[in-house]
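Where a number appears in this text, it was derived from the coordinates with a stated rule and is not lab data. Keep in mind it's a predicted model, so treat the numbers as computed, not measured. Because the Cβ atoms are built from the backbone with ideal geometry, glycine has one as well, and the counts that use them run over all protein chains shown.
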Amino acid sequence: MSKESNILVCDDDETLCYLLKEQLLEEGFAVQTVYGGKDAIEAVKSKNYDVLLLDLKMKEVSGEDVLKFVSGHSPSLQVIILTAESDIDNALKLTKMGAFYYISKPYNFDTLILTINRAIENKNLLVKTTILDKQINKNIQSDMIGTSKEILKVIMLANKSAKSESNVLIEGETGTGKELLAEYVHKNSPRSEKPFVVINCASLPDQLIESELFGHERGAFTDAKTSKQGLVEIADGGTLFLDEIGEMSITLQPKLLRFLENGEYRRIGSVSNLSSDVRVIGATNKKLLEEIENNNFRRDLLFRLNVITLTLPPLRERKEDILLLANHFLEIKSPIRSPKRLSPSTEDLLTNYDFPGNVRELDHIIERAIIFSSDDIIKPEDLNLPTTKKMIQSSNMSNEFTEILPMEEIEKIHLVKALDFFDWDRAKTSYKLGISIKTLYSKIKKYSLTQQ
Ligand SMILES: Nc1ncnc2c1ncn2[C@@H]1O[C@H](COP(=O)(O)OP(=O)(O)OP(=O)(O)O)[C@@H](O)[C@H]1O
Ligand SMILES: [Mg+2]
């Protein structure tokens, strides 16, 4: 256990620091020493330690001040107070404030090691309990992260619309959280115990979308060997989320319109009407009014859908949510035993980046950075942002390997080239690339590609 553990020793007595360090290194701990409270605070800010051995009496910033900072900043860091025999009362006071224990100087080395190991056990237990707590709370809490006034406005409207039965249209650029918001509305609605069913209107050809949505009877078309229930039936009593509704073909739109008007529909190949009680939430990253002008979308369908419109702002217009979201992704994606943190310059870089792929792009950037970072601090070069690459090159840190791109990067570049060539016509692009339109859509999503 002790081998992986990081100890920070803070004492203004440099000789004592030196001796302690030597002894602890021998025991297999990783050790760093600082000679004052101010340096201890800086060290805690930049690295995750397991245990802090903290002198009580120091000039300028006292042990008590350091403990106060640690309690707020790194509550799982275990602090062991090093104190003179004469000051034990004060040390006891600090254990009441959150320090793990105290050791009086001159210390007995065996007792010190025993206390350090106990402190490490305590920390591990604390981390485990926090994770369990989070998992339990996750189902109760809202999953929409953000404190910017822009996102809070959307969440407030979403809460109101959750209580109503009206259809909802969610607008927003790719990766802004449209599906998450639709789920949020469902979870907070009286329908929350019933199914939340998702269909992506762009993922399949027309006839398949119709059969997915409304079902079909046996023999309705060549491949219809058995009859099949539609998603509107499966979603009965719940919510149907129509993703990328702007991509629905103009021939299918009247059938959806009829369903929205009176809840009635027909399976393909059937002559009788069925009905289902479904609340519909549509999402689009297109400007539907423009689609109407171009005869790609029915005006009456838009008016049925957008009884309530929720517009998710792009991430670059709510910059104060960037670090909150980044830390959220770090927390849920870092390995449990070594949570990672962003260095201040990484934070700056993220805050100043535009995120054309919005929250999904940020999510991917953090996930990749966790894998590529060599220690528990995420540095700017771990992010692999276009701006970082430039920075690395201009500071002459590059070598010939910078030019050798990972396979995924090459696929991404090739996809953008092909999509641009066909003016983002997905059908033509997927045909030329020899992949299904569904695969193309999932790759566009995976790499957070957007039309510039
Ligand atoms: N406010 C948020 N809080 C936490 N996670 C978020 C938030 N917004 C988006 N995400 C996460 O970002 C990712 C993308 O979100 P989502 O799939 O909902 O976006 P979208 O707008 O539907 O994207 P697309 O247009 O590409 O379909 C998901 O992993 C989602 O959980
Ligand atoms: Mg989506």
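Within straight-line reach of Lys255, meaning a Cα separation under 18 Å, sit the following aspartates and glutamates at least 8 residues removed in sequence or on another chain: Asp206, Glu210, Glu212, Glu217, Glu233, Asp236, Asp243, Glu244, Glu247, Glu264, Asp277, Asp300.
Once C-alpha pairs closer than 8 Å and six or more residues apart are averaged by separation and normalised to the residue number of the range 12-71, the relative contact order reads 33 percent.
Label separation (Asp425 vs Met156): 4.6 nm, computed from points 7 Å beyond Cα along the C-beta direction. Here Lys194 is the anchor, and the lysines within straight C-alpha reach of less than 17 Å, apart from those fewer than 8 places off in the same chain, are Lys163. Where the centroid of each part is defined by its Cα atoms, how far is the range 315-333 from the range 219-262 in Å? With the range 315-333 and the range 219-262 each reduced to a Cα centre, they are spaced 36 Å.
Taking 18 Å as the straight-line reach from the Cα of Lys38, the lysines in range (excluding those fewer than 8 positions away in the same chain) are Lys47, Lys57, Lys59, Lys68. Taking every DSSP helix (H) stretch of at least 4 residues in the chain, weighting each as -39,500 (n - 2.57) and dividing the sum by the residue count yields a mean residue ellipticity at 222 nm of -14500 deg cm²/dmol. Note: relative contact order over the range 161-269, using C-alpha pairs below 8 Å and six or more positions apart, is 30 percent.
Placing pseudo-labels 7 Å out from each Cα toward the beta carbon at Ser338 and Ile88 gives an inter-label distance of 4.0 nm. If R0 equals 45 Å, the separation of the Cβ atoms of Phe109 and Asn384 corresponds to a calculated FRET efficiency of about 0.45. Remark: spin-label model distance Ser345-Ser436 equals 4.6 nm, labels positioned 7 Å along the Cα→Cβ axis. Lys-Lys pairs in the range 317-446 that are eight or more residues apart or on separate chains and whose Cα atoms lie under 18 Å of each other come to 22. Normalised by the number of residues in the chain, the mean separation of alpha-carbon contacts (under 8 Å, six or more apart) gives a relative contact order of 12 percent. Other residues whose C-beta falls under 12 angstrom from the C-beta of Lys105 contribute a net charge of -4, scoring Lys and Arg +1 and Asp and Glu -1. About its Cα centre, the dipole of the range 40-112 is roughly 180 debye, where the only charges are +1 on Lys and Arg Cβ and -1 on Asp and Glu Cβ.
Between Glu264 and Gln229, full extension at 0.36 nm per residue minus the direct alpha carbon distance yields a gain of 11.2 nm.
Fully extending the segment from Ile250 to Asn117, taken as 0.36 nm per residue of separation minus the present Cα-Cα distance, adds 41.0 nm.
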